[in-house]
Amino acid sequence: MSDQPITTLPHRLWAGELSLHDAFWHYAVWYGLAFNVVTSVAYLILHVKDASPWLLLPIYFLPLPYNLLVLVAVWRSAARYEGDRKWADWARFIVSAWVVLMIAT
C-alpha cells in the first residue's frame with residue numbers, strides 16, 4: 001500500500017492546489033454557471049407545476065455547497081498566484097460577488 005495521501009479533486013480545490021486559472025474559469029465560471037442554471041431551471045419547472053416545498057427547497061439549495069467550495073478554491077488559489085496581484089484580487093471579488101448573488105436570488 002502506498003504512503004501517499006489520497007488527493008481527490010474536491011480536496012485539491014479546497015486546498016487551493018489548482019491554478020487560479022483552472023479554479024476560477026473552469027470550476028467557478030463554467031461548471032458553476034452550468035450547475036446553477038440547471039438547478040434554477042429545474043426549480044422553476046417544478047415551481048410552475050406546483051411541486052411540494054419539500055421538493056423545491058432541496059433543489060433551491062443544491063448548488064450552495066458547490067458555490068462555497070469554489071469560493072474557497074478561488075480564494076486559496078489566488079493566495080498562491082504568482083502573477084499580477086490585480087488578477088488574483090479580481091478573481092476573489094468576482095467569485096465572492098457571484099456566491100452572494102447566487103445565495104440572495
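Just so it is clear, none of the values below were taken in a lab; they were calculated from the coordinates. These numbers were taken from a predicted model, which means no experiment stands behind them. When we count neighbours, we look across all protein chains shown, and the Cβ atoms used for this are built from the backbone with ideal geometry, even at glycine.
Every condition in (1) under 23 Å from Arg85 (Cα atoms); (2) surrounded by 13 or more Cβ atoms within 10 Å (Cβ to Cβ) is met by Tyr31 except one, and the failing one is (1). Only a single criterion out of (1) assigned to a loop (DSSP other than H, G, I, E, B); (2) out of contact with any Ser or Thr (no Cβ under 8 Å at 6 or more places or on another chain); (3) in contact (Cβ under 8 Å) with a residue 24 or more places away in the chain is not satisfied by Leu18, namely (2). Could you tell me whether Arg92 is in contact with a helix residue (DSSP H, G or I) (Cβ under 8 Å, 6 or more places away or on another chain), charged (D, E, K, R), in a helix (DSSP H, G or I) and in contact (Cβ under 8 Å) with a residue 60 or more places away in the chain? No, not satisfied.
Kindly provide the set of residues from region 25-34 that are under 9 Å from the mean Cα position of the chain (by Cα) and not β-branched (Val, Ile, Thr), ordered by number. Matches in region 25-34: Tyr27, Ala28, Tyr31, Gly32, Leu33. The single condition among (1) touching a residue at least 24 places away in the same chain (Cβ under 8 Å); (2) within 23 Å of Leu9 (Cα to Cα); (3) of a type in the set (A, V, I, L, M, F, W, C); (4) out of contact with any Lys or Arg (no Cβ under 6 Å at 6 or more places or on another chain) that Ile103 does not satisfy is (2).
Filtering region 55-96 to residues that are hydroxyl-bearing (Ser, Thr, Tyr) and surrounded by 14 or more Cβ atoms within 10 Å (Cβ to Cβ) leaves Tyr60, Tyr66, Ser77, Tyr81.
The conditions of being of a type in the set (A, V, I, L, M, F, W, C) and either under 17 Å from Ile94 (Cα atoms) or in contact (Cβ under 8 Å) with a residue 12 or more places away in the chain (or both) are met by Leu69.
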